[in-house]
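The values are calculated or read from the model by the stated rules, or taken from the named source; none is laboratory data. Fair warning: this is a prediction, and the values are worked out from it, not measured in the lab. Positions of Cβ are generated from backbone atoms using ideal geometry, with glycine treated the same way; all protein chains shown enter the neighbour counts. These accessible areas exclude ligands, DNA and RNA; they are computed on the full protein's heavy atoms, side chains included. Shrake-Rupley method; radii C 1.70, N 1.55, O 1.52, S 1.80 Å.
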Amino acid sequence: MRIIIVCYPTFGGSGILATELGHKLSKNGHTVHFIAYQKPVRLDVNDDNIFFHKVNVPFYPLFNFQPYELALSTKIVDVSTKHKIDLVHVHYAIPHAYAAYMAQKMLKTQKINLPIVTTLHGTDITLVGKHPFYKKAVKFSIDKSNIVTSVSKSLKTDTHDFFETNKKIKVIPNFVDLEKFNNQLNLCNKVSAHKTITHVSNFRPAKNIRTLIKVFDLISKKHKCIFNLIGEGPELEIAKEMTKELKIPDVYFLGNTNEVEKELCHSDIFILPSKVESFGLAALEAMASKVVVISSNSGGLPEVNIHNETGFLSEYNDINKMVDYAESILNDENKLNEMKEKAFLRAQKFDINKIIYYYEDIYKSVI
Ligand code: GMT
(Lines give C-alpha, C1' and ligand atoms only; values in the text may rest on other atoms or scores of the structure.)
Protein backbone atom coordinates (compact mmCIF):
# COMPACT_ATOMS: atom_id res chain seq x y z
CA MET A 1 0.00 0.00 0.00
CA ARG A 2 1.01 3.63 -0.45
CA ILE A 3 0.23 5.51 2.73
CA ILE A 4 0.47 9.12 3.87
CA ILE A 5 1.11 9.62 7.58
CA VAL A 6 0.45 13.09 8.97
CA CYS A 7 1.86 13.74 12.44
CA TYR A 8 3.54 16.17 14.77
CA PRO A 9 7.31 15.98 14.41
CA THR A 10 8.12 16.63 18.07
CA PHE A 11 9.00 14.38 21.02
CA GLY A 12 5.30 13.98 21.97
CA GLY A 13 3.88 10.47 22.06
CA SER A 14 1.65 10.84 18.99
CA GLY A 15 4.56 11.77 16.72
CA ILE A 16 6.77 9.02 18.15
CA LEU A 17 4.04 6.42 17.68
CA ALA A 18 3.31 7.60 14.12
CA THR A 19 7.00 7.43 13.23
CA GLU A 20 7.49 3.94 14.66
CA LEU A 21 4.35 2.82 12.83
CA GLY A 22 5.69 4.20 9.54
CA HIS A 23 9.02 2.43 9.98
CA LYS A 24 7.31 -0.88 10.65
CA LEU A 25 4.93 -0.44 7.68
CA SER A 26 7.91 0.20 5.46
CA LYS A 27 9.61 -2.98 6.74
CA ASN A 28 6.40 -4.82 5.82
CA GLY A 29 6.75 -3.58 2.24
CA HIS A 30 4.49 -0.53 2.22
CA THR A 31 5.55 2.88 0.98
CA VAL A 32 5.09 5.60 3.57
CA HIS A 33 5.02 9.35 2.91
CA PHE A 34 5.33 11.44 6.08
CA ILE A 35 3.87 14.94 6.03
CA ALA A 36 4.73 17.34 8.88
CA TYR A 37 6.06 20.85 9.44
CA GLN A 38 9.53 19.40 10.06
CA LYS A 39 11.15 15.99 9.93
CA PRO A 40 9.78 13.90 12.84
CA VAL A 41 12.49 13.44 15.46
CA ARG A 42 12.68 9.65 15.22
CA LEU A 43 12.22 9.45 11.44
CA ASP A 44 14.95 7.68 9.47
CA VAL A 45 14.66 8.80 5.86
CA ASN A 46 17.50 6.50 4.72
CA ASP A 47 14.88 3.80 4.38
CA ASP A 48 14.01 3.31 0.67
CA ASN A 49 10.26 3.07 1.37
CA ILE A 50 10.08 6.22 3.50
CA PHE A 51 9.65 9.76 2.23
CA PHE A 52 9.31 13.04 4.05
CA HIS A 53 7.36 16.04 2.73
CA LYS A 54 7.65 19.29 4.64
CA VAL A 55 4.66 21.60 4.99
CA ASN A 56 5.89 25.12 4.33
CA VAL A 57 3.73 27.99 5.48
CA PRO A 58 4.88 31.23 3.87
CA PHE A 59 4.72 34.30 6.08
CA TYR A 60 2.21 36.92 5.00
CA PRO A 61 1.94 40.08 7.13
CA LEU A 62 -1.86 40.38 6.85
CA PHE A 63 -2.34 37.22 8.87
CA ASN A 64 -2.05 37.27 12.60
CA PHE A 65 -1.97 33.46 12.41
CA GLN A 66 -0.51 31.78 9.34
CA PRO A 67 -2.98 29.24 7.85
CA TYR A 68 -1.22 25.91 8.49
CA GLU A 69 -4.32 23.78 7.71
CA LEU A 70 -4.50 25.26 4.22
CA ALA A 71 -0.88 24.44 3.48
CA LEU A 72 -1.28 20.97 4.99
CA SER A 73 -4.38 20.06 2.96
CA THR A 74 -2.69 21.33 -0.22
CA LYS A 75 0.36 19.17 0.59
CA ILE A 76 -1.86 16.10 1.16
CA VAL A 77 -3.51 16.70 -2.24
CA ASP A 78 -0.15 17.16 -4.01
CA VAL A 79 1.46 14.08 -2.47
CA SER A 80 -1.67 11.98 -3.09
CA THR A 81 -1.89 12.82 -6.79
CA LYS A 82 1.85 12.59 -7.46
CA HIS A 83 2.39 9.28 -5.64
CA LYS A 84 -0.99 7.60 -6.21
CA ILE A 85 -1.65 7.30 -2.49
CA ASP A 86 -4.13 4.70 -1.20
CA LEU A 87 -5.01 6.35 2.12
CA VAL A 88 -4.04 9.04 4.59
CA HIS A 89 -3.52 8.19 8.26
CA VAL A 90 -3.58 11.25 10.51
CA HIS A 91 -2.26 11.18 14.06
CA TYR A 92 -3.84 13.65 16.47
CA ALA A 93 -7.18 15.05 15.36
CA ILE A 94 -6.26 18.74 15.53
CA PRO A 95 -5.91 20.04 12.87
CA HIS A 96 -4.81 16.99 10.91
CA ALA A 97 -8.20 15.27 10.55
CA TYR A 98 -9.75 18.58 9.53
CA ALA A 99 -7.07 19.23 6.87
CA ALA A 100 -7.36 15.65 5.60
CA TYR A 101 -11.12 16.07 5.13
CA MET A 102 -10.54 19.19 3.01
CA ALA A 103 -7.92 17.31 0.98
CA GLN A 104 -10.37 14.44 0.48
CA LYS A 105 -12.99 16.87 -0.83
CA MET A 106 -10.50 18.54 -3.19
CA LEU A 107 -9.35 15.18 -4.54
CA LYS A 108 -12.93 14.11 -5.11
CA THR A 109 -13.25 16.90 -7.71
CA GLN A 110 -10.50 15.05 -9.62
CA LYS A 111 -12.38 11.76 -9.10
CA ILE A 112 -9.69 10.53 -6.71
CA ASN A 113 -10.77 8.74 -3.55
CA LEU A 114 -8.55 9.27 -0.49
CA PRO A 115 -9.85 7.44 2.61
CA ILE A 116 -8.98 8.98 5.98
CA VAL A 117 -7.91 7.01 9.05
CA THR A 118 -7.75 9.20 12.16
CA THR A 119 -5.97 8.08 15.32
CA LEU A 120 -6.96 9.96 18.46
CA HIS A 121 -4.06 10.23 20.87
CA GLY A 122 -5.21 12.01 23.99
CA THR A 123 -4.98 15.74 24.49
CA ASP A 124 -6.64 16.25 21.09
CA ILE A 125 -9.74 14.96 22.91
CA THR A 126 -9.26 15.41 26.64
CA LEU A 127 -7.70 18.89 26.76
CA VAL A 128 -7.49 20.91 23.55
CA GLY A 129 -10.18 19.30 21.42
CA LYS A 130 -13.07 19.70 23.80
CA HIS A 131 -12.43 23.44 24.23
CA PRO A 132 -15.57 25.28 23.05
CA PHE A 133 -13.51 27.16 20.45
CA TYR A 134 -12.55 23.89 18.71
CA LYS A 135 -15.13 21.30 19.77
CA LYS A 136 -17.52 21.50 16.79
CA ALA A 137 -14.71 21.32 14.23
CA VAL A 138 -13.06 18.41 16.06
CA LYS A 139 -16.35 16.50 16.32
CA PHE A 140 -16.99 17.17 12.62
CA SER A 141 -13.58 15.85 11.57
CA ILE A 142 -13.95 12.76 13.75
CA ASP A 143 -17.39 12.05 12.31
CA LYS A 144 -16.16 12.58 8.74
CA SER A 145 -13.09 10.32 9.04
CA ASN A 146 -13.60 6.97 7.34
CA ILE A 147 -12.11 5.09 10.27
CA VAL A 148 -11.31 6.37 13.75
CA THR A 149 -9.02 4.62 16.18
CA SER A 150 -8.07 5.49 19.74
CA VAL A 151 -5.05 4.39 21.72
CA SER A 152 -7.02 3.19 24.76
CA LYS A 153 -10.51 2.21 25.90
CA SER A 154 -10.51 5.16 28.23
CA LEU A 155 -9.90 7.58 25.35
CA LYS A 156 -12.67 5.94 23.32
CA THR A 157 -15.13 6.50 26.19
CA ASP A 158 -13.95 10.10 26.65
CA THR A 159 -14.42 10.77 22.92
CA HIS A 160 -17.97 9.44 22.92
CA ASP A 161 -18.77 11.37 26.11
CA PHE A 162 -17.14 14.70 25.31
CA PHE A 163 -18.24 14.91 21.67
CA GLU A 164 -21.61 13.19 21.99
CA THR A 165 -20.84 11.21 18.87
CA ASN A 166 -21.87 7.67 17.98
CA LYS A 167 -18.92 7.30 15.64
CA LYS A 168 -17.50 3.79 15.76
CA ILE A 169 -14.05 3.92 17.32
CA LYS A 170 -11.64 1.01 17.20
CA VAL A 171 -9.20 0.75 20.08
CA ILE A 172 -5.69 -0.08 18.92
CA PRO A 173 -3.27 0.24 21.83
CA ASN A 174 0.10 1.90 21.44
CA PHE A 175 3.11 -0.33 20.96
CA VAL A 176 6.87 -0.57 21.39
CA ASP A 177 9.55 -2.02 19.17
CA LEU A 178 10.67 -4.65 21.67
CA GLU A 179 13.63 -5.72 19.59
CA LYS A 180 15.16 -2.27 20.06
CA PHE A 181 14.59 -2.38 23.84
CA ASN A 182 15.90 -5.95 24.13
CA ASN A 183 19.05 -5.08 22.21
CA GLN A 184 19.65 -2.19 24.56
CA LEU A 185 19.00 -4.31 27.66
CA ASN A 186 21.65 -6.76 26.46
CA LEU A 187 24.17 -3.94 26.06
CA CYS A 188 23.24 -2.16 29.25
CA ASN A 189 25.81 -1.94 31.96
CA LYS A 190 24.31 -0.67 35.17
CA VAL A 191 27.30 0.49 37.17
CA SER A 192 25.78 2.68 39.88
CA ALA A 193 25.51 1.36 43.43
CA HIS A 194 22.34 3.41 43.86
CA LYS A 195 18.86 2.95 42.49
CA THR A 196 17.82 5.17 39.60
CA ILE A 197 14.40 6.80 39.42
CA THR A 198 13.40 8.25 36.05
CA HIS A 199 10.72 10.47 34.57
CA VAL A 200 10.24 11.09 30.84
CA SER A 201 7.78 13.64 29.48
CA ASN A 202 7.20 16.86 27.60
CA PHE A 203 6.88 18.74 30.92
CA ARG A 204 3.43 20.05 30.10
CA PRO A 205 1.01 20.92 32.96
CA ALA A 206 -0.84 17.60 32.42
CA LYS A 207 2.28 15.75 33.60
CA ASN A 208 1.92 17.14 37.13
CA ILE A 209 5.59 18.05 37.49
CA ARG A 210 5.28 19.74 40.90
CA THR A 211 3.96 16.51 42.42
CA LEU A 212 6.74 14.55 40.74
CA ILE A 213 9.41 16.72 42.37
CA LYS A 214 7.71 16.48 45.77
CA VAL A 215 7.76 12.69 45.43
CA PHE A 216 11.47 12.79 44.51
CA ASP A 217 12.13 15.01 47.52
CA LEU A 218 10.45 12.67 50.01
CA ILE A 219 12.14 9.60 48.55
CA SER A 220 15.55 11.32 48.66
CA LYS A 221 15.15 11.99 52.37
CA LYS A 222 15.28 8.26 53.11
CA HIS A 223 17.08 6.72 50.15
CA LYS A 224 20.16 7.72 48.21
CA CYS A 225 18.88 7.52 44.64
CA ILE A 226 19.75 9.03 41.30
CA PHE A 227 16.86 11.03 39.81
CA ASN A 228 16.88 11.38 36.03
CA LEU A 229 14.48 13.71 34.24
CA ILE A 230 14.29 13.31 30.48
CA GLY A 231 12.53 15.69 28.10
CA GLU A 232 11.85 19.38 27.75
CA GLY A 233 8.77 21.56 27.98
CA PRO A 234 6.99 24.46 29.63
CA GLU A 235 7.39 23.26 33.24
CA LEU A 236 11.03 22.19 33.02
CA GLU A 237 12.23 25.43 34.64
CA ILE A 238 9.75 24.94 37.50
CA ALA A 239 11.19 21.47 38.03
CA LYS A 240 14.73 22.87 38.09
CA GLU A 241 13.77 25.63 40.53
CA MET A 242 11.99 23.20 42.86
CA THR A 243 14.85 20.71 42.97
CA LYS A 244 17.22 23.58 43.82
CA GLU A 245 14.96 25.02 46.51
CA LEU A 246 14.33 21.61 48.06
CA LYS A 247 18.05 20.80 47.74
CA ILE A 248 17.36 17.34 46.32
CA PRO A 249 20.69 15.65 45.70
CA ASP A 250 21.63 13.71 42.56
CA VAL A 251 19.00 15.13 40.20
CA TYR A 252 20.00 15.13 36.53
CA PHE A 253 18.13 16.97 33.77
CA LEU A 254 19.06 15.09 30.60
CA GLY A 255 17.00 17.00 28.00
CA ASN A 256 15.40 15.45 24.95
CA THR A 257 16.75 12.22 23.55
CA ASN A 258 16.01 10.06 20.55
CA GLU A 259 17.35 7.02 22.35
CA VAL A 260 15.30 6.89 25.51
CA GLU A 261 16.05 3.16 25.84
CA LYS A 262 19.70 4.02 26.59
CA GLU A 263 18.63 5.93 29.71
CA LEU A 264 15.77 3.66 30.75
CA CYS A 265 17.92 0.53 30.80
CA HIS A 266 19.81 2.00 33.79
CA SER A 267 16.61 2.74 35.68
CA ASP A 268 14.76 0.90 38.42
CA ILE A 269 11.63 2.97 38.93
CA PHE A 270 9.68 5.24 36.56
CA ILE A 271 7.32 7.85 37.98
CA LEU A 272 4.41 9.32 36.00
CA PRO A 273 1.94 11.25 38.20
CA SER A 274 -0.11 12.68 35.27
CA LYS A 275 -3.40 14.47 35.67
CA VAL A 276 -4.51 13.27 32.24
CA GLU A 277 -2.90 10.45 30.28
CA SER A 278 -4.75 8.61 27.55
CA PHE A 279 -2.23 5.76 27.44
CA GLY A 280 1.25 6.61 28.72
CA LEU A 281 3.63 5.51 25.98
CA ALA A 282 6.54 6.67 28.16
CA ALA A 283 5.42 4.22 30.87
CA LEU A 284 5.23 1.39 28.35
CA GLU A 285 8.75 2.20 27.11
CA ALA A 286 9.91 2.02 30.74
CA MET A 287 8.26 -1.39 31.18
CA ALA A 288 9.93 -2.62 28.00
CA SER A 289 13.20 -1.64 29.71
CA LYS A 290 12.38 -3.70 32.85
CA VAL A 291 11.51 -0.65 34.92
CA VAL A 292 8.75 -0.64 37.57
CA VAL A 293 6.15 2.08 36.96
CA ILE A 294 4.57 4.17 39.70
CA SER A 295 1.84 6.20 38.06
CA SER A 296 -1.45 7.92 38.71
CA ASN A 297 -4.58 6.00 37.76
CA SER A 298 -5.62 8.67 35.23
CA GLY A 299 -7.18 7.87 31.86
CA GLY A 300 -5.69 4.83 30.14
CA LEU A 301 -2.79 4.23 32.56
CA PRO A 302 -4.57 1.28 34.28
CA GLU A 303 -4.79 -0.39 30.83
CA VAL A 304 -0.98 -0.38 30.71
CA ASN A 305 0.33 -0.46 34.27
CA ILE A 306 -1.15 -3.21 36.44
CA HIS A 307 -1.33 -2.38 40.13
CA ASN A 308 0.90 -4.48 42.39
CA GLU A 309 2.22 -6.38 39.40
CA THR A 310 4.05 -4.20 36.86
CA GLY A 311 4.08 -1.25 39.24
CA PHE A 312 1.64 0.76 41.30
CA LEU A 313 -1.34 3.00 40.56
CA SER A 314 -2.20 5.83 42.90
CA GLU A 315 -5.01 8.37 43.04
CA TYR A 316 -4.11 11.61 41.28
CA ASN A 317 -1.85 13.71 43.53
CA ASP A 318 -1.58 11.16 46.32
CA ILE A 319 2.05 12.00 47.02
CA ASN A 320 2.38 9.91 50.19
CA LYS A 321 1.04 6.79 48.49
CA MET A 322 3.50 7.17 45.61
CA VAL A 323 6.37 7.58 48.08
CA ASP A 324 5.19 4.54 50.10
CA TYR A 325 5.04 2.46 46.92
CA ALA A 326 8.55 3.51 45.93
CA GLU A 327 9.87 2.70 49.39
CA SER A 328 8.19 -0.70 49.41
CA ILE A 329 10.40 -1.77 46.51
CA LEU A 330 13.50 0.24 47.41
CA ASN A 331 13.49 -1.67 50.71
CA ASP A 332 12.86 -5.04 49.11
CA GLU A 333 15.25 -6.02 46.34
CA ASN A 334 13.41 -9.29 45.63
CA LYS A 335 10.07 -7.57 45.17
CA LEU A 336 11.71 -4.92 42.96
CA ASN A 337 13.25 -7.55 40.71
CA GLU A 338 10.06 -9.59 40.58
CA MET A 339 8.06 -6.52 39.53
CA LYS A 340 10.67 -5.56 36.93
CA GLU A 341 10.23 -8.97 35.29
CA LYS A 342 6.44 -8.62 35.38
CA ALA A 343 6.63 -5.14 33.83
CA PHE A 344 8.82 -6.55 31.07
CA LEU A 345 6.44 -9.47 30.53
CA ARG A 346 3.46 -7.14 30.24
CA ALA A 347 5.30 -4.98 27.70
CA GLN A 348 5.47 -8.06 25.42
CA LYS A 349 1.71 -7.75 24.92
CA PHE A 350 2.32 -4.36 23.29
CA ASP A 351 5.03 -5.51 20.89
CA ILE A 352 4.79 -3.79 17.52
CA ASN A 353 4.73 -7.18 15.80
CA LYS A 354 1.47 -7.98 17.58
CA ILE A 355 -0.19 -4.61 16.93
CA ILE A 356 0.82 -3.72 13.35
CA TYR A 357 -1.72 -6.13 11.82
CA TYR A 358 -4.60 -4.18 13.34
CA TYR A 359 -3.53 -1.12 11.38
CA GLU A 360 -2.88 -3.10 8.19
CA ASP A 361 -6.34 -4.65 8.51
CA ILE A 362 -8.13 -1.34 8.82
CA TYR A 363 -6.11 0.06 5.90
CA LYS A 364 -7.23 -2.86 3.73
CA SER A 365 -10.83 -2.46 4.83
CA VAL A 366 -10.90 1.30 4.19
CA ILE A 367 -9.39 0.99 0.73
O1 GMT B 1 0.59 15.53 25.73
C2 GMT B 1 1.29 14.56 25.53
O3 GMT B 1 1.66 13.75 26.39
C4 GMT B 1 1.72 14.29 24.12
C5 GMT B 1 0.66 13.57 23.46
C6 GMT B 1 0.87 13.56 22.00
O7 GMT B 1 -0.12 13.39 21.34
O8 GMT B 1 1.93 13.80 21.47
O9 GMT B 1 0.59 12.27 24.06
C10 GMT B 1 -0.62 11.59 24.01
O11 GMT B 1 -0.42 10.56 23.07
C12 GMT B 1 0.47 9.52 23.46
C13 GMT B 1 0.61 8.54 22.31
O14 GMT B 1 -0.59 7.97 21.96
C15 GMT B 1 -0.06 8.85 24.72
O16 GMT B 1 0.79 7.79 25.12
C17 GMT B 1 -0.15 9.91 25.84
O18 GMT B 1 -0.72 9.30 26.97
C19 GMT B 1 -1.02 11.07 25.38
N20 GMT B 1 -0.90 12.15 26.37
C21 GMT B 1 -1.94 12.50 27.13
O22 GMT B 1 -3.04 11.97 27.09
C23 GMT B 1 -1.66 13.60 28.10
task = Identify the single condition in (1) open to solvent by 10 Å² or more (accessible area, probe 1.4 Å); (2) touching a residue at least 40 places away in the same chain (Cβ under 8 Å); (3) within 16 Å of the ligand (Cβ to nearest atom) that N297 does not satisfy, given that it satisfies every other one.
result = (2)
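Residues of the stretch 108-122 being away from the ligand (no atom under 16 Å from the Cβ), part of a loop (DSSP other than H, G, I, E, B) and either within 24 Å of the chain's Cα centre (by Cα) or not hydrophobic (A, V, I, L, M, F, W, C) (or both), which ones?
Of everything in the stretch 108-122, those that are away from the ligand (no atom under 16 Å from the Cβ), part of a loop (DSSP other than H, G, I, E, B) and either within 24 Å of the chain's Cα centre (by Cα) or not hydrophobic (A, V, I, L, M, F, W, C) (or both) turn out to be T109, Q110, K111, N113, P115.
Just to be sure I understand, how many residues within the stretch 62-84 are in a helix (DSSP H, G or I) and either open to solvent by 40 Å² or more (accessible area, probe 1.4 Å) or basic (K, R) (or both)?
Keep residues of the stretch 62-84 that are in a helix (DSSP H, G or I), which gives 68-83.
With the extra rule that they be either open to solvent by 40 Å² or more (accessible area, probe 1.4 Å) or basic (K, R) (or both), the set shrinks to 69-70, 74-75, 78, 81-83.
Count: 8.
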ask   = For the stretch 3-15, what are the residues that are open to solvent by 10 Å² or more (accessible area, probe 1.4 Å), of a type outside the set (S, T, Y) and closer than 26 Å to S365 by Cβ?
value = G13
ask   = Taking into account only those residues within the stretch 316-327 that are in contact with a helix residue (DSSP H, G or I) (Cβ under 7 Å, 6 or more places away or on another chain) and surrounded by fewer than 17 Cβ atoms within 10 Å (Cβ to Cβ), which is farthest from N174 (Cα to Cα)?
value = E327
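Within the stretch 136-173, take every residue that is among the aliphatic types (A, V, I, L, M) and under 21 Å from E360 (Cα atoms) and give me the one that is surrounded by the fewest Cβ atoms within 10 Å (Cβ to Cβ).
As a first pass, look at the stretch 136-173 and keep what is among the aliphatic types (A, V, I, L, M): 137-138, 142, 147-148, 151, 155, 169, 171-172.
Still in the list and also under 21 Å from E360 (Cα atoms): 142, 147-148, 151, 169, 171-172.
Details: I142: 23, I147: 19, V148: 24, V151: 27, I169: 21, V171: 16, I172: 19.
Here the residue is V171.
Residues I142, I125: which one is part of a helix (DSSP H, G or I), within 12 Å of the ligand (Cβ to nearest atom) and farther than 16 Å from I35 by Cβ? Quick ask: steps written out before the conclusion?
Numbers: I142 fails: within 12 Å of the ligand (Cβ to nearest atom).
Exactly one residue qualifies, and that residue is I125.
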ask   = Which condition number does E241 fail, the rest of (1) more than 16 Å from the ligand (Cβ to nearest atom); (2) open to solvent by less than 70 Å² (accessible area, probe 1.4 Å); (3) among the acidic types (D, E) being met?
value = (2)
ask   = Is the stretch 173-190 home to any residue that is away from the ligand (no atom under 13 Å from the Cβ), free of Cβ contacts under 8 Å to residues at least 40 places away in the same chain and part of a loop (DSSP other than H, G, I, E, B)?
value = yes
